[in-house]
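Novice: Before I ask anything, let me first share the structure, which is written out below as structure tokens.
The values are calculated or read from the model by the stated rules, or taken from the named source; none is laboratory data. Here the structure is a predicted model, which means the values were calculated and not measured. Every residue, glycine among them, receives a Cβ derived from its backbone with ideal geometry; neighbour counts consider all protein chains shown.
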Amino acid sequence: MNKQTFVASLVCGWGLAVIGSAVPSSGAQEPISAAAQDYWAFKLPTQAPVPSVPGPFQHPIDRFLEQARQDKGLEPAPRARRLTLLRRAYLDLIGLPPSPAETAAFLADNAPGAWERLIDRLLASPHYGERWGRHWLDVARYADSSGFEQDYDRPNAWRYRDYVIRAFNQDKPYDVFLKEQIAGDELNTTTDDTLIATGFLRAGPRVAFREKDNPERRYEYLDDLIATTGRGLLGLTIQCARCHNHKVDPIPQKDYYSLVATFFGYVETTHPLVPPAQAEAYAKKVRDIDARQAQLKTDIKKIEAPYEERLRQEAYKRFPEQVQLAIAKPERDRTAGEQLLAQQVIETVNIAGRAIDRLMTPDDGARKKRLADQIAALDAERPEPIPVAEIVTDGDYRFAPDGAGDEVIGCPKCRISDATAGTFLHTGPGRYQVPPSYFLIRGDANAKGSLMKPGFVTVATYGNPPTEIPPPDGHTSGRRRALAEWLASSRNPLTARVIVNRVWHHHFGRGIVASLDNFGKMGDPPTHPMLLDWLAVEFMNRGWSIKQLHRLMMTSEAYRMASDHENAVDREKDPQNQYLWRFRAQRLDAEIVRDSILAAGGSINLKIGGVPVFPPLPRELLTSVSHGIWKHEEDGPDVWRRSVYVYRRRGLVFPMFQAFDLPEQNVAAGARTASTVPTQALTLLNDAFVLRQTRLFAEHVESETGNDPARQIDLAYRIALTRPPSQTELAVAVDFVKTRSLVDLTHVLLNLNEFVYIR
């Protein structure tokens, strides 16, 4: 059992059964009761009238909040200082601090609407997509490697990352954004971008060894899709209904396997990003070379076979006698125990090619070399790879071509035996047919119940939406298209609420529903339910525009309140600030800590998009992990790119990101934790990258100010903290620089709480 499944099994085991505890053997179920659908999250959101409240509040968000504060006897904080708001907006929207020049320009704009103009400028920045795309990549469980034991590189995963960044910069309507990621290959109009978008479905961890021969693995991947769709898009723990009816929420096991049927046709493949004629010419050339090499490799195997067998027989002598006897028996004569024992040993014994070569006769060695030279010559004829995207479409996974590692599987019993003749991808004639998908009793892949049809979460479904919308060409089933339309419908009670709540969380430090990924009964209730519904409906009415949602939230007085305001009465009544009587200070995300350090050092490389970079890692860290890749790249401008472009390896988290609470990369993560641990301070004090940027920061300040300590300190504060030093800070810092150095001062500034917090 992997970590994700183990955690899910613990979470899904909590609570008492509310739907029934009997183990069903089919997809039949009792109707969802009206009482179950009466729960707030399953009712369609409606816009209540904006409250009328006494006082100066005009913004609809403020009027909802003020009504709740007045009910609780709370007084709101005053507005924060302009410099505080400037830094807050920059770090929030683009994840970079304002430069001294940008700060001066904002302070000089005293005309009405300065704040709104600032927000619009930041939303128009190409760096906005990098910041807010990163939030979505957490939900999409994006990484550049496959995870698990081998942790294979995914050389084209970054194309999905860049799609997400483009989508946010373009303010692609959220309903369209979802449809492209769930069914970008099934839409009425498909493009390279809509196909790349389906990378969302394959962004999770994969073992990669012969899914087609391992039904358990196939269902693990389907569970990943359902868990990500549930938690990330609907705020529901649907995966808890895999083995039994959900123990808390009205989600029967039948709904889970209806979603399995919806996704069951999916397969992972590649899409060439060149004209079709060029792609076909490339594929034909590669197929020809592969075929010619395959025969040569077969000939080499024939030469090696007797030598390998001799070495194997010698190796088997190291094992106990009963093991040797089991291996010596013909496979058909072995008992089940002998078969298992023999197979485990046969797979364990690896015969190195060098050992075979040492045993060969000179004639056989020469024959092998001639064949190997021909293989190498054919490799030299291979055309340069064309650019491709890693996508999802419909097909039959039972006929998938072998991938990395697939050739090493040695378990004959794992081979799928019920697959009739077929093809991996459907090209016609006739319409594509989804492979059969069954209800699994207790979630056991070997305990098949009834054949399942596609469907959705019943309790959140209104009307009778179609479960298949097949495209005219008949190449796919249209099941994912139907799911996408259901997800992105105004008749879905959850989708708009979940994304509005998540954006609120990122702006205000806590969601209206604090449990961002769980709107079910084990989650937190909304603190302001009418405000949440008002925002959800308003969001849909404004064309599902995320940028308009930002403007709506950030132009409120709630967003502009001071975070350092103290009120003993308010603190006593609402110690967790659930009702927003002041702004919540928020620790910067791990990537923004690194980006802010690069910005302070004046060295940040602001190139947009492209292949990931590999900042240097300690040698001992690289040698401690045997699988996966981490390319050697020198510390310098090429790797001083924004942190969203740093290679994401599941099996080896970048140390600075790990110290500052990068979330688990194998599951959808709507929110991040913000711990305070010694490794964070030690990283900022001792990390070689931080120390180098500290020196660059000091050199930049000195080049702008000369040798005047007061001017140096003033500029250093403005760069690092977006404000001038106080008189006390200036006096202390002047003495510090005179007795220590400017480098020491810049290092201190990067270690301040104020540097790593949005206030």
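Novice: Residue under question is R398, and the condition is that it be part of a helix (DSSP H, G or I) and not assigned by TED's automatic domain parsing to the domain that holds K297; does it hold? Walk me through it before giving the result.
Specialist: Working: part of a helix (DSSP H, G or I): yes; not assigned by TED's automatic domain parsing to the domain that holds K297: yes.
Yes.
Novice: Something else about it: Among the residues of region 184-191, are any of a type in the set (A, V, I, L, M, F, W, C), in the same structural domain as V267 (by TED's automatic domain parsing) and farther than 30 Å from S624 by Cβ? If you could, list the steps in order and put the result at the bottom.
Specialist: Our first condition is that a residue be of a type in the set (A, V, I, L, M, F, W, C); within region 184-191, this holds for 187.
From what is left, the residues that are in the same structural domain as V267 (by TED's automatic domain parsing) are 187.
Restricting the remaining residues to those that are farther than 30 Å from S624 by Cβ gives 187.
Looking through region 184-191, at least one residue is of a type in the set (A, V, I, L, M, F, W, C), in the same structural domain as V267 (by TED's automatic domain parsing) and farther than 30 Å from S624 by Cβ.
Novice: For region 565-579, give me the residue count where each residue is in a loop (DSSP other than H, G, I, E, B) and within 17 Å of L65 (Cβ to Cβ).
Specialist: Of the residues in that region, 7 qualify.
Novice: Looking at the structure I just gave you, is E664 outside the structural domain of T237 (by TED's automatic domain parsing), within 30 Å of D162 (Cβ to Cβ) and acidic (D, E)?
Specialist: Yes; evaluated as a whole, the condition is true for this residue.
Novice: State all residues of region 592-608 that are of a type in the set (K, R) and within 17 Å of D92 (Cα to Cα); if no residue qualifies, say none. Outline the logic, then answer.
Specialist: At the first step, the residues of region 592-608 found to be of a type in the set (K, R) are 594, 607.
Within region 592-608, R594 is the sole residue that qualifies.
Novice: Checking E557 against (1) in contact with a Leu (Cβ under 7 Å, 6 or more places away or on another chain); (2) in a loop (DSSP other than H, G, I, E, B); (3) under 24 Å from L118 (Cβ atoms), only one condition comes out false. Which one?
Specialist: For E557, the exception is condition (1).
Novice: Continuing with the same structure: Just one of the numbered conditions (1) in contact (Cβ under 8 Å) with a residue 40 or more places away in the chain; (2) β-branched (V, I, T); (3) farther than 18 Å from N666 by Cβ; (4) in contact with a Gly (Cβ under 6 Å, 6 or more places away or on another chain) is not true of T194; which one?
Specialist: Single failed check for T194: (1).
Novice: Looking only at region 428-454, which residues are within 23 Å of N188 (Cβ to Cβ) and not aliphatic (A, V, I, L, M)? Let's see the steps before the verdict.
Specialist: Our first condition is that a residue be within 23 Å of N188 (Cβ to Cβ); within region 428-454, this holds for 428-434, 454.
The answer is G428, P429, G430, R431, Y432, Q433, P454.
Novice: Same structure, new question: Given the criterion among the charged types (D, E, K, R) and either modelled with pLDDT of 85 or more or over 27 Å from P306 (Cα atoms) (or both), identify the matching residue among E381, E407.
Specialist: Exactly one of E381, E407 is among the charged types (D, E, K, R) and either modelled with pLDDT of 85 or more or over 27 Å from P306 (Cα atoms) (or both), namely E381.
Novice: Considering only residues that are more than 30 Å from I375 (Cα to Cα) and exposed (fewer than 14 other Cβ atoms within 10 Å of the Cβ), which ones fall in region 310-323?
Specialist: Hits for region 310-323 are E314, K317, R318, P320, E321, Q322.
Novice: Going residue by residue through region 129-146, is there one that turns out to be modelled with pLDDT under 95, closer than 24 Å to D223 by Cα and in contact with a Gly (Cβ under 9 Å, 6 or more places away or on another chain)? Outline the logic, then answer.
Specialist: Filtering region 129-146 for residues modelled with pLDDT under 95 gives 146.
Next, from what is left, pick out any that are closer than 24 Å to D223 by Cα: 146.
With in contact with a Gly (Cβ under 9 Å, 6 or more places away or on another chain) added as a condition, the list becomes 146.
Yes, region 129-146 contains a residue that is modelled with pLDDT under 95, closer than 24 Å to D223 by Cα and in contact with a Gly (Cβ under 9 Å, 6 or more places away or on another chain).
Novice: Among the candidates L696, L684, L691, which residue alone is over 15 Å from the mean Cα position of the chain (by Cα) and surrounded by 20 or more Cβ atoms within 10 Å (Cβ to Cβ)? First the steps, then the outcome.
Specialist: Details: L696 fails: surrounded by 20 or more Cβ atoms within 10 Å (Cβ to Cβ); L691 fails: surrounded by 20 or more Cβ atoms within 10 Å (Cβ to Cβ).
From the options L696, L684, L691, the qualifying one is L684.
Novice: If we only count helices (runs of 4 or more DSSP H) wholly inside region 637-718, which ones have 2 or more residues that are of a type outside the set (S, T, N, Q) and without any contact (Cβ under 8 Å) to a residue 60 or more places away in the chain?
Specialist: Working: elements: 655-659, 678-686, 688-705.
Output list reads 678-686, 688-705.
Novice: Also, I was wondering about something else. Looking only at residues in region 498-518 that are more than 17 Å from Q578 (Cα to Cα) and part of a loop (DSSP other than H, G, I, E, B), which one is nearest to the chain's Cα centre (by Cα)?
Specialist: D517
Novice: For region 480-495, which residues satisfy the criterion of being more than 15 Å from W534 (Cα to Cα) and not in a loop (DSSP other than H, G, I, E, B)?
Specialist: R480, R481, A482, L483, A484, E485, W486, L487
Novice: Quick one: would you say A326 is touching a helix residue (DSSP H, G or I) at 6+ places or on another chain (Cβ under 6 Å) and either under 30 Å from R382 (Cα atoms) or surrounded by 12 or more Cβ atoms within 10 Å (Cβ to Cβ) (or both)?
Specialist: On the way: touching a helix residue (DSSP H, G or I) at 6+ places or on another chain (Cβ under 6 Å): yes; either under 30 Å from R382 (Cα atoms) or surrounded by 12 or more Cβ atoms within 10 Å (Cβ to Cβ) (or both): yes.
Against the criterion (touching a helix residue (DSSP H, G or I) at 6+ places or on another chain (Cβ under 6 Å) and either under 30 Å from R382 (Cα atoms) or surrounded by 12 or more Cβ atoms within 10 Å (Cβ to Cβ) (or both)), A326 qualifies.
Novice: Let me ask you something else. Being within 25 Å of D394 (Cα to Cα), acidic (D, E) and surrounded by fewer than 22 Cβ atoms within 10 Å (Cβ to Cβ), is that true of even one residue in region 157-164? Spell out the reasoning first.
Specialist: The first filter runs over region 157-164 and keeps only residues within 25 Å of D394 (Cα to Cα), leaving 157-164.
Cutting the leftovers down to acidic (D, E) gives us 162.
Still in the running and surrounded by fewer than 22 Cβ atoms within 10 Å (Cβ to Cβ): 162.
Yes, there is a match, as at least one residue in region 157-164 is within 25 Å of D394 (Cα to Cα), acidic (D, E) and surrounded by fewer than 22 Cβ atoms within 10 Å (Cβ to Cβ).
Novice: Let me ask something else about it. Pairs only if they're at least six apart or on different chains, beta carbon under 9 angstrom, first in region 374-393 and polar (S, T, N, Q), second part of a strand (DSSP E or B); list them, first residue then second.
Specialist: T393/Y266; T393/V267; T393/E268; T393/T269; T393/H271
Novice: Report whether or not V11 is in a loop (DSSP other than H, G, I, E, B), at pLDDT below 85 and within 35 Å of the chain's Cα centre (by Cα).
Specialist: Here the answer is no, as V11 does not meet what is asked.
Novice: All but one of (1) out of contact with any Phe, Trp or Tyr (no Cβ under 6 Å at 6 or more places or on another chain); (2) in a loop (DSSP other than H, G, I, E, B); (3) surrounded by 14 or more Cβ atoms within 10 Å (Cβ to Cβ) hold for S596; which doesn't?
Specialist: (2)
Novice: Please work out which residue is nearest to the chain's Cα centre (by Cα), limiting yourself to region 180-236 and to residues that are modelled with pLDDT of 95 or more and of a type in the set (D, E).
Specialist: Here the answer is D224.
Novice: Continuing with the same structure: From the residues in region 280-313 that are free of Cβ contacts under 8 Å to residues at least 24 places away in the same chain and among the aliphatic types (A, V, I, L, M), which one is farthest from T270 (Cα to Cα)? Give the steps one after another, and end with the answer.
Specialist: Pass one, region 280-313, residues free of Cβ contacts under 8 Å to residues at least 24 places away in the same chain: 280-281, 283-284, 287-288, 290-291, 294-295, 298, 301-302, 305-306, 309, 313.
Right, trim to among the aliphatic types (A, V, I, L, M) and you get 281, 283, 291, 294, 305.
On the way: A281: 16, A283: 12, A291: 20, A294: 22, A305: 35 Å.
Residue satisfying both the conditions and the ranking: A305.
Novice: Kindly list the number of the only condition in (1) assigned to a helix (DSSP H, G or I); (2) under 21 Å from V498 (Cβ atoms) that fails for K172.
Specialist: Unmet for K172, out of (1) assigned to a helix (DSSP H, G or I); (2) under 21 Å from V498 (Cβ atoms): (1).
Novice: When the residues of region 196-224 are filtered to those that are surrounded by fewer than 23 Cβ atoms within 10 Å (Cβ to Cβ) and hydrophobic (A, V, I, L, M, F, W, C), which remaining residue is nearest to N518 (Cα to Cα)?
Specialist: Ranking the qualifying residues of region 196-224, first place goes to L222.
Novice: How many residues, within region 261-309, are within 35 Å of the chain's Cα centre (by Cα) and closer than 16 Å to I375 by Cα?
Specialist: Here the count works out to 3.
Novice: Among the listed residues L745, L721, L749, which satisfies the condition of being surrounded by fewer than 20 Cβ atoms within 10 Å (Cβ to Cβ) and aliphatic (A, V, I, L, M)?
Specialist: L721
Novice: Report, by residue number, each residue of region 430-480 that is under 30 Å from the mean Cα position of the chain (by Cα) and among the basic types (K, R).
Specialist: R442, K453, R479, R480, listed by residue number.
Novice: Being part of a loop (DSSP other than H, G, I, E, B) and in the same structural domain as P78 (by TED's automatic domain parsing) is the requirement here; does G610 meet it?
Specialist: On the way: part of a loop (DSSP other than H, G, I, E, B): yes; in the same structural domain as P78 (by TED's automatic domain parsing): no.
For G610, the condition - part of a loop (DSSP other than H, G, I, E, B) and in the same structural domain as P78 (by TED's automatic domain parsing) - is not met.
Novice: A further question follows. Which numbered condition trips up R117, out of (1) under 20 Å from I719 (Cβ atoms); (2) surrounded by fewer than 20 Cβ atoms within 10 Å (Cβ to Cβ); (3) of a type in the set (K, R)?
Specialist: Checking R117 against (1) under 20 Å from I719 (Cβ atoms); (2) surrounded by fewer than 20 Cβ atoms within 10 Å (Cβ to Cβ); (3) of a type in the set (K, R), the one that fails is (1).
Novice: May I pose another question? If you check V646, V701, V748, which single one turns out to be among the hydrophobic types (A, V, I, L, M, F, W, C) and closer than 30 Å to A140 by Cβ?
Specialist: Details: V701 fails: closer than 30 Å to A140 by Cβ; V748 fails: closer than 30 Å to A140 by Cβ.
Exactly one of V646, V701, V748 is among the hydrophobic types (A, V, I, L, M, F, W, C) and closer than 30 Å to A140 by Cβ, namely V646.
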